[in-house]
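Please treat every number below as a calculation from the coordinates, not as lab data. What you are looking at is a predicted structure, and each value in this text was computed from that prediction instead of being measured. Using ideal geometry, Cβ is built from the backbone for each residue, glycine included, and neighbour counts are taken over all protein chains shown.
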Amino acid sequence: MGVKRVKIPTLPTEGKMPVTKLDVGIRQLETAIRLWFFDGDPVSMCTLIHASNDVIRGLFKHGKHGPPLLDEELYVRPERLDEYRAIVRLDPNFCKHGGKDPDEIHHITVKNYPIKIIETIVMHNKMGFGKRPLFELFSNWMWFSMPEFFHKKPSDFDPHIAANIEAVVRSGKQQYFNEFLPIFERQMMGLGKAH
């Protein structure tokens, strides 16, 4: 027996903000990035990151841009795919649903959030919607702070930033955010390079 579809009446739009699926995914991810830089609430980060990834992944697949960067089907054995997906969804499902086992306690970690954020940013950028200052800020922080993990090297950055990467990382992610977000915003508006 199928689910009965309910016809939703046309509702007035006056006083409401129009948003697209892409708007929703971007806003969720940008809010999650801000929370991450300032060690905000991990539950909110978890919910926002995974919701954004779901929206942008759906748009990415719908637009036939190829497999997402870290598509689990590329590296998980087919017979374990359902198990893997269930494990990956534990945190976001726990944060979104209250109906099952209301007394359950779950242990959340933010350790894997940066990888999910990078994956979502890469999918967004591959769709050709243009780079966004917060996305570039976050991606660069990951490249600066984890050079053993990413391919970029100091020569790939603006010479002023490249000469100071160690000092930037030492100063911490919050100072980096405050100092460099305005620079990325100016660059992307075509108002000059980071100096």
### Task
Can you figure out the FRET efficiency of residue 24 with residue 146, using R₀ = 35 Å and their beta-carbon distance, to the nearest 0.05?
0.75
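Mind giving me the FRET efficiency for residue 111 and residue 44? R0 is 25 Å, r the Cβ-Cβ distance, nearest 0.05 is fine. Walk me through the numbers before you get to the answer.
Details: r = 16 Å, r/R0 = 0.66.
It comes out at approximately 0.90.
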### Summary
To the nearest 0.05, the calculated FRET efficiency linking residue 79 and residue 175 through their beta-carbon distance, R0 being 35 Å, is 0.15
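State the extension gain, in nm to one decimal, for the chain segment bounded by residue 164 and residue 126, taking 0.36 nm per residue of separation less the distance between their alpha-carbons. Don't skip to the answer; put the middle values down first.
Details: separation 38, 0.36 × 38 = 13.68 nm, distance 2.90 nm.
Fully extending the segment from residue 164 to residue 126 adds 10.8 nm.
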